[in-house]
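Enquirer: If you scroll down you'll find the structure; I have some questions about it.
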Amino acid sequence: MQPDTTAYVQWFRQSSPYINAHRGKTFVIMLEGDAIEHENFPTVVQDIALLNSLGVQLVLVHGARPQIDAALQLLNIESRFHNDLRITDAAALNAVKAAVGMVKADVESRLSVGLPNSPMHGARIRVVSGNFVTAKPLGVIDGVDFQHTGEVRRIEHQAIAELLAQRNIVLLSSAGYSPAGDMFNLAVEDVAQHAAVSLRADKLIILGRHAGLLDADGNTLEDLTCLDLEQLLPGLKGEPRNHADAALKAVRKGVPRVHLLSYAEDGALLQELFTRAGHGTLISQNAYDQLRAARSDDVAGILELLRPLEEQGILVRRSRELLESEIHRFYVIERDGMITACAALYPYSDDQAELACVAVHSDYRGTNRGAQLLEQIEQEARRRQYKQLFVLTTRTAHWFIEHGFVAGSVSELPQERQHLYNWQRNSKVFFKSL
């Protein structure tokens, strides 16, 4: 018996717009040192190889914090920190060199795998590393001399871009060099953020322990604007704070999107990049979901959204011609070119207007899209000085009641709307004063 591959085929088809969109784009992927030691790291490498094979230009930036800790312990050197930054003296610098070198070799060896019957068979990935990061000393802060702990001064972005154009993966470490030849220990977030900005990368992807940023209840915050993130920052500590701070700086300096993902969750990278639902936290300058007035080129997307609800009898069927003539009455929420929700406002008198055609895609129910559209419709109705909204529904009465509508009768509708009432559908009528 042949296995059922329907779900796989559907997923592959739905991923094709993202494959096309990502081809030729530049992604900077940051890997914590913990990620490289995690049991899921081999599958992360496989997913990175897949991105490379799909034509994505990749810069990998790796950290080495746990490896440096282990090297210091082996050398019997105490780890010293100030403001969560490691103080790197001459003795600690030897441990940094050893740890960074080992991590670099480990990453390169894993990306070189190409054995038959392995997921990376035939990949033939070329990994290039070098002195692409110019650093300077962090100096003295609060009276503490950080010595060989530094910060990024410059990224050799032109040299990196030339290597990417030749289909190499460029590997950067959390170390940099001064023009005098001194080596400095750098924060991996600092290198990743500067690399993404200097290269004008399309995405910065930060892989950490958690599946993005979490709210007070432990749920993942899926989409955040810079303003949202600024408000969250004071309450964050440790890794989430470091990652959020790097993300905010990158977006503020022109990187369109930053993704915070978990290296521990199998397939998180592919889910985030090749599905609309995504995985983890997306940070952008503006909201990922765009709520706006509908345009004529949205007709096909709205029809596709409405079709399942019309087939179930939840909504009255609309023809393409009718929708084209009424498109100016609609508002939509769009995500990556897909219409995920819509609603319309139909005036019937100087005082009353109908809220109609409220629809949310099945994959996005429970995501507050309906409430956002209702708020938009109410704002527009108030702007036009209507005093009351009404809605007819057969299946979602409870939702409208929860949002302030009260039950009424057909006789309370405007005369014109009463004449259009379909008694076979027997829709319930609800009103909301504005």
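Enquirer: Please calculate how many Å² of accessible area segment 174-222 carries per residue, with a 1.4 Å probe and no DNA, RNA or ligand atoms counted.
Expert: 40
Enquirer: Separate question: Can you give the FRET efficiency to the nearest 0.05 for Asp84 and Gln285, using r as the Cβ-Cβ distance and R₀ = 22 Å?
Expert: According to the calculation, E is roughly 0.20.
Enquirer: If a/c stays under 1.5 just call it rounded; otherwise compare a/b with b/c (prolate if a/b is bigger, oblate if not). Do that for segment 345-434, with a ≥ b ≥ c from the square roots of the Cα gyration tensor eigenvalues.
Expert: oblate
Enquirer: Given an 8 Å cut-off on Cα distances and at least 6 residues of separation, report the relative contact order of the chain as a percent.
Expert: With pairs under 8 Å counted, the relative contact order is 12 percent.
Enquirer: R0 = 30 Å: FRET efficiency of Val9 with Arg126, Cβ-based, nearest 0.05?
Expert: 0.40
Enquirer: Starting from 0.36 nm per residue, how many nanometres of slack lie between Ala165 and His403 once their C-alpha separation is accounted for?
Expert: 80.3 nm
Enquirer: For every helix of n ≥ 4 consecutive DSSP H residues, a contribution of -39,500 (n - 2.57) applies; sum these over the chain, divide by its total residues, and give [θ] at 222 nm rounded to the nearest 500 deg cm²/dmol.
Expert: After summing the helix terms and dividing by residue count, I get -11500 deg cm²/dmol.
Enquirer: Only bridges with both residues in segment 127-257 count here: give the DSSP antiparallel percent, nearest 5.
Expert: Antiparallel bridges make up about 65 percent of those DSSP assigns within segment 127-257.
Enquirer: Accessible area of the chain with a 1.4 Å probe: how many percent of it is carbon plus sulfur?
Expert: 48
Enquirer: Quick one: length gained pulling Glu375 to Glu304 fully straight, 0.36 nm per residue minus the C-alpha distance?
Expert: Here the segment from Glu375 to Glu304 would lengthen by 23.2 nm.
Enquirer: Could I ask something else about it? Using the crude model of +1 on Lys and Arg Cβ and -1 on Asp and Glu Cβ, and no other charge, please compute the dipole size for the chain relative to its Cα centre, in debye to 20.
Expert: Charge dipole, the chain, about its Cα centre: 920 debye, nearest 20.
Enquirer: Here's another thing I want to ask about it. Take every Cα pair under 8 Å in segment 140-192 that's 6+ residues apart, average their separations, divide by the length, and report that relative contact order as a whole percent.
Expert: This gives 40 percent for segment 140-192.
Enquirer: Any chance you could give the angle, 0 to 90 degrees and rounded to 10, that helix 369-383 forms with the longest Cα principal axis of the chain?
Expert: Once rounded, one gets 60 degrees.
Enquirer: Here is a further query. What percent antiparallel are the DSSP beta bridges of the chain, to the nearest 5?
Expert: Roughly 55 percent of the DSSP beta bridges within the chain come out antiparallel.
Enquirer: In nm, give the distance between the simple-model label positions of Ser16 and Ser325, each being 7 Å from the Cα along the Cα-to-Cβ direction.
Expert: That separation, rounded to one decimal, is 3.5 nm.
Enquirer: Quick one: of the DSSP bridges fully inside segment 87-194, what percent are antiparallel, nearest 5?
Expert: Percent antiparallel among DSSP bridges in segment 87-194 is about 60.
Enquirer: Can you tell me how segment 188-228 classifies by the Cα gyration tensor, rounded, prolate or oblate, using a/c under 1.5 as the rounded cut?
Expert: Since a/c reaches 1.5 and a/b is larger than b/c, the shape of segment 188-228 is classed as prolate.
Enquirer: Quick check: pseudo-label points 7 Å beyond the Cα along Cα→Cβ at Asp223 and Asn94, how many nm apart are they?
Expert: Taking the two extended label points, one gets 5.4 nm.
Enquirer: If the chain between Lys136 and Arg200 were fully stretched, how many nm would it gain, using 0.36 nm times the residue separation less the Cα-Cα distance?
Expert: This chain segment gains 20.8 nm when fully extended.
Enquirer: Going highest first, how would you order 42-49, 417-424, 353-360 by mean Cβ packing within 10 Å?
Expert: Top to bottom by mean Cβ count within 10 Å: 353-360, 42-49, 417-424.
Enquirer: Could you state the accessible area per residue of segment 310-434 in Å², with a 1.4 Å probe and every protein chain left in place?
Expert: So segment 310-434 comes to 54 Å² accessible per residue, rounded to a whole number.
Enquirer: Sticking with this structure for a sec: Can you list the trypsin sites (Lys or Arg not before Pro) in segment 227-257 that are in a DSSP coil and have 11 or fewer other beta carbons within 10 angstrom?
Expert: Sparse-neighbourhood loop trypsin sites (Lys or Arg not before Pro): Lys237.
The values are calculated or read from the model by the stated rules, or taken from the named source; none is laboratory data. In this text the structure is predicted, and so the values were computed from the model without any measurement. Every residue, glycine among them, receives a Cβ derived from its backbone with ideal geometry; neighbour counts consider all protein chains shown. Please note that ligands, DNA and RNA were not included when accessible areas were found on the heavy atoms of the full protein model with its side chains. Shrake-Rupley method; radii C 1.70, N 1.55, O 1.52, S 1.80 Å.
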